[in-house]
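Presented below is the structure to which this report refers.
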Amino acid sequence: MMKAASATLLGVFLASGAAHADYHCLNKDMSLDVKENHMTRLSNASVTLINGEQTKTFYGSIEAVDDFLLQKKVIDFYPYQGEEMLTLVTRPKFCGRGSCDDGGGTVTNADLKLGEEHIYFSCEWKP
Amino acid sequence: MKQALAAAFVLIVCLLGLLAAPLLDDQEVFLESRESKTVGGGPVFNRIKWFNSKDKDVWMMNQSHHGPHAEATAWDRLAIVVDKTKTPKVARFYQLKPGPLEWDENAIESSTRPFRISCFLCHNNGPRAIRPNERSSFGPLSLTDRWKITYWNLRIKLYGRVKPDQVHDQLDRSAQTPFRFHGSFANEPLRVAVCLTCHNESGFLARGLLRRQQMATIKFMVESGEMPPRGFGLSGEEKRELARFLDGF
């Protein structure tokens, strides 16, 4: 009973953690803000690109692959034709004998695909 | 004249003996690793020993993340057993209870412990070349040890393709820390043309395809100038391709 309750609580904790997970990404010219829980009628995530004075927001749906070591999230932007999307990849910061662990932290990178163009960012996860 | 020839002969035999002695198996080398670092970026120390038999090579290692004088129980004990009867050769990896570098076939089952880290993250092709930190202030290498490591590295290189023992796939099903990660993303191969010259599955130089889960090792090898090896180079486009792969794309 205690185990079931703990598992449920953990599940709720993880689900709420995931729901509020945001990323702030930067490269030398632009920044990106990713909100994973931004629900609209057609999407469950929003990505705001800020380039100087210009701001553009994309809406999309998230597909996540979690290999325990590496995590990949793809946000395909509406109207979902694969032309415009954001890919976020999270990996351990350090890896090697005894040092590929949670204590070492993680690194997240992002690839924003807009048609033929790819724009790369380094991201910070903001729980 | 005869005496001089005899003396020269004895001298040559002695010299050859001196050169060959370090190459016999069952000898230990102590070194600071150039590649492995502790979580805090500190030095990692290894004691390595090689045991040779007709059918297999056993590479054993004690490793300390707590300095060169850590107590015996703080040293990990690891082994890679290369089955030389198979083509390509097959390697089985072990994490063992802390202890001395002694190989006892009968005690392996009882000494085996769960992996502390997934071996495949660094070991794509069985044992890897031993890379001591030449500038270590803790454990400078003697000439004999350098000679021994050169010979061991040549031996490892001459294995050619070494595949992981399939038993690891079975054990991974119930392992908390698997030998390797089995997801499709973690196993996406590196397809940079110059890397594929050796890092592919067949051919004389084959070392096995590199996978995305090995990105940290690939990064170290490229950034430290170990890869690509002499005679090979990355074109501008290949550099970009590799950088994207290492970022996860």
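The values are calculated or read from the model by the stated rules, or taken from the named source; none is laboratory data. Quantities reported herein were computed from a predicted structural model and do not represent experimental measurements. So basically every Cβ, Gly included, is an ideal-geometry build from the backbone, and we count neighbours across all protein chains shown.
So which residues in the stretch B:206-236 are at pLDDT below 95, away from every other protein chain (no Cβ under 14 Å) and in a helix (DSSP H, G or I), if there are any at all?
The answer is B:Val222, and nothing else.
Within the stretch B:133-183, count every residue that is more than 14 Å from chain A (Cβ to nearest Cβ) and assigned to a helix (DSSP H, G or I).
Of the residues in the stretch B:133-183, 20 are more than 14 Å from chain A (Cβ to nearest Cβ) and assigned to a helix (DSSP H, G or I).
What is the number of the single condition among (1) over 24 Å from B:Ser174 (Cα atoms); (2) in a helix (DSSP H, G or I) that B:Ile108 does not meet?
(1)
Any residue in the stretch B:71-93 that is within 14 Å of another protein chain (Cβ to nearest Cβ), modelled with pLDDT of 95 or more and assigned to a loop (DSSP other than H, G, I, E, B)?
Scanning the stretch B:71-93, I find no residue that is within 14 Å of another protein chain (Cβ to nearest Cβ), modelled with pLDDT of 95 or more and assigned to a loop (DSSP other than H, G, I, E, B), so the answer is no.
Restricting attention to the stretch B:34-48, and to residues there that are surrounded by fewer than 20 Cβ atoms within 10 Å (Cβ to Cβ) and part of a strand (DSSP E or B), which single residue is farthest from the other protein chains (Cβ to nearest Cβ)?
Our first condition is that a residue be surrounded by fewer than 20 Cβ atoms within 10 Å (Cβ to Cβ); within the stretch B:34-48, this holds for B:34-35, B:37-43, B:47.
Next, from what is left, pick out any that are part of a strand (DSSP E or B): B:34-35, B:37, B:43, B:47.
Values: B:Arg34: 12, B:Glu35: 7, B:Lys37: 6, B:Pro43: 12, B:Arg47: 14 Å.
Filtering the stretch B:34-48 for residues that are surrounded by fewer than 20 Cβ atoms within 10 Å (Cβ to Cβ) and part of a strand (DSSP E or B), the one farthest from the other protein chains (Cβ to nearest Cβ) comes out as B:Arg47.
What are the residues in the stretch A:31-76 that are surrounded by fewer than 20 Cβ atoms within 10 Å (Cβ to Cβ), under 30 Å from B:Arg173 (Cβ atoms) and of a type outside the set (Asp, Glu), if any?
Within the stretch A:31-76, A:Ile62, A:Ala64, A:Val65, A:Phe68, A:Gln71, A:Val74 meet the criteria.
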